[in-house]
Amino acid sequence: MRFYILFSILFSSILYSQSDSLKSQYEVIYKIKSFNDTLYKYNAAEENLSLLIKGHKSLFRSTQKAISDSIAMAIGKKSFENPVDGKVILDMKNVPGVYFKSEVFSDNGKQTIYKELMRNRFSFPLEDPIQWKIGNETKIIENYSCKKATGKYKGRHYVAWFTEAIPIPDGPYVFKGLPGLVLEVYDPSDNIHFTMVSFKKVVKPMTLMKDAFATKYSTFYKARQNSIDNAAGVLSNQTGITLKPADIARINSNAKRNNNYLD
Amino acid sequence: MKKLLLLSTFAIVGLTNAKSIDLEKGKKENEKKSDQKKESESELKMQCIQNAMFVWCTGEFYHDTVCWGEGSGTATYQQAIADEIHNSQLLTEYICGQGTGSGWGTGGPN
């Protein structure tokens, strides 16, 4: 009898620990196309992004990020294991870049945005969800009949196309809350453009960004502004590396080139 | 009587064997514990490795020393090298800039 009680306790605890790790039912892949400098629209950057959905929960993030991090770790570990003349040489040239570093976790419509600024990670709640206006216009995207909706987010107007054929009120980044899945969203100047690439039943772990400092948007905004105004200083402070004067100028100049923030 | 003697012999032999097994087990456990102690002591002791971060677009190196263990502020070797790899990534991204095929540290609508 004792054995059976012990077994049932053990079994239920295993079941409980498994339900703790969230896994998706569906995955929507979107492509983002955007320009870093809206005054110089040359060579749009593109990257695939993933929206993992499980019931009323979803996680939106770059598909490239995990790949890039694991390649960097593999290259780095190999370098540490094979020093050249007793010295470790770290060369990150072959690590693919990550363009879209933000992540959004949505739980029953309550959205939390995760951001990375160099070594620091922030999380803050979406304070101003988009108030959508649904229009009469329709168009077909990937064989789905879509309706047009318009809304404003952080001072920028957006057009979204959603389909009621997939009754999931979700979409890329913070473009959620419509009565169907958002398949396309863009601003009228087309500086930022998300397009659905695929929609599939996929079981994947939905793991949140770790070690993020929970704060408000205003705190993140100030930190980002500081990292734009004084990029080299912030980088040096966070990494503990004393930068060469030529590189300080280069880093500060590079940081100011971007003027197309999604917020 | 004979049966009793036989049983008691078995019992004595059994107990002796069990005792020697226990002793061996205890000895092994002690050895294991001392090995673990040595390992944790070496983990606790501060150690450092010198490294050079190569910035491919300028062809220059940034020399640095990475430490872990007591007093270093980083607990383990794994954490220390992960931090240094991240630093090297950031350095490449921010110096070489956007669209270079090596990183987007200064770009993206983040």
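Every number here is computed from the coordinates shown, using simple stated rules; none is lab data. No experiment lies behind these values; they were computed from the predicted model shown. For neighbour counting, all protein chains shown are included, and Cβ atoms are generated from backbone atoms with ideal geometry for every residue, glycine included.
Is there a simple number for the mean count of other chain Cβ atoms within 10 Å of the Cβ of residues in A:71-83, and what is it?
Mean partner-chain Cβ count within 10 Å for A:71-83: 4.
Whole Å is fine, so just give me how far the alpha carbon centre of region A:195-263 lies from that of region A:128-147.
Using only Cα atoms to place each centre, the spacing works out to 31 Å.
Could you please rank A:M196, A:M209, placing first whichever residue has the fewest other Cβ atoms within 10 Å of its Cβ?
Final ranking by Cβ density, sparse to dense: A:M209, A:M196.
With 10 angstrom as the radius, rank B:H63, A:H56 by how many other C-beta atoms surround their C-beta, starting from the fewest.
B:H63, A:H56
Once a ≥ b ≥ c are taken as the square roots of the eigenvalues of the Cα gyration tensor of region B:45-96, is the result rounded (a/c under 1.5), prolate (a/b larger than b/c) or oblate (a/b not larger than b/c)?
Because a/c hits 1.5 or more and a/b exceeds b/c, region B:45-96 counts as prolate.
Assign one of three labels to region A:117-181, namely rounded, prolate or oblate, based on the Cα gyration tensor with a ≥ b ≥ c the square roots of its eigenvalues; rounded applies when a/c is under 1.5, prolate when it is not and a/b is larger than b/c, and oblate otherwise.
Taking the square roots of the gyration eigenvalues as a ≥ b ≥ c, region A:117-181 is prolate.
When only C-alpha pairs under 8 Å and at least 6 residues apart count, what is the relative contact order of chain A, in percent?
Taking the mean separation of contacting Cα pairs over the length of chain A, I get 20 percent.
Is the shape of chain A best called rounded, prolate or oblate, per the rule: a/c under 1.5 gives rounded, else a/b larger than b/c gives prolate, else oblate, with a ≥ b ≥ c the square roots of the Cα gyration tensor eigenvalues?
Oblate is the answer for chain A, as a/c is 1.5 or above yet b/c matches or exceeds a/b.
Note down the Stokes-Einstein diffusion coefficient of region A:42-173 in µm²/s, whole number, using a Kirkwood radius over alpha carbon pairs, 20 °C, and 1.002 mPa s.
For these conditions, the coefficient is 119 µm²/s.
Relative contact order of region A:63-147: what whole-number percent is it, with Cα pairs under 8 angstrom and at least 6 residues apart?
16
Over 25 Å between Cα atoms: which of A:K54/A:K222; A:K148/A:K222; A:K54/A:K93; A:K133/A:K256; A:K87/B:K45; A:K93/A:K200 fall into that group?
Beyond 25 Å: A:K54/A:K222; A:K148/A:K222; A:K54/A:K93; A:K133/A:K256; A:K93/A:K200.
Got a sec? How would A:V84, A:V202, A:V234, A:V185 order by Cβ neighbour count within 10 Å, fewest to most?
With the sparsest Cβ surroundings first, the list reads A:V84, A:V202, A:V234, A:V185.
Please list the non-local residues whose amide H lies under 5 Å from the amide H of A:L90, H modeled 1.01 Å from N, same-chain partners needing a gap of 5 or more.
Counting only residues 5 or more places away or on other chains, the set is B:A52, B:M53, B:F54.
What average count of beta carbons from other chains do you get within 10 Å of the Cβ of residues in A:251-257?
For this peptide, the per-residue mean of nearby foreign Cβ atoms is 5.
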